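Accompanying notes for the structure given below.
The values are calculated or read from the model by the stated rules, or taken from the named source; none is laboratory data. Since the structure is predicted, the reported quantities are computational estimates derived from the model, not experimental observations. Note: ideal-geometry Cβ built from the backbone for every residue, glycine included; neighbour counts use all protein chains shown.
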Amino acid sequence: MANRPPITAAIDLTPEVLNALKQAGPNEFGKYSLDMAVWENTKSTSDRAPGFTGSVKLKGDKDNGPKGYASVWTNLPSSSNEVPF
């Protein structure tokens, strides 16, 4: 499909993440910051499954903070061997 971005993502925030964001408040630029980490999805069961999955958390939080979920798709033609990142 023409004009598709090379990478698309979906982020699912849990109520715990939303509450932690509200409690933390905005950063110095007036924005709420999150970190996202994803790994290759080696357990995908279909062509439509995300190529990468992982977690979302408050920026700077250590491993014990509340987490949301992330899914990332690469929208490159199957004949392309280039990785967009």
Residues of the range 1-23 being more than 17 Å from the chain's Cα centre (by Cα) and within 18 Å of R48 (Cβ to Cβ), which ones? M1, R4
Taking interchain pairs and intrachain pairs at least six residues apart, which have beta carbon atoms under 9 angstrom, with the first residue in the range 26-44 and under 15 Å from I11 (Cβ atoms) and in contact (Cβ under 8 Å) with a residue 24 or more places away in the chain and the second part of a loop (DSSP other than H, G, I, E, B) and among the acidic types (D, E)? D35/D61
Of all residues in the range 46-85, which are modelled with pLDDT of 85 or more and among the hydroxyl-bearing types (S, T, Y)? S46, T53, S55, Y69, S71, T74
Mind listing whichever residues of the range 27-40 are out of contact with any Leu (no Cβ under 8 Å at 6 or more places or on another chain) and closer than 18 Å to K67 by Cα? M36, A37, V38, W39
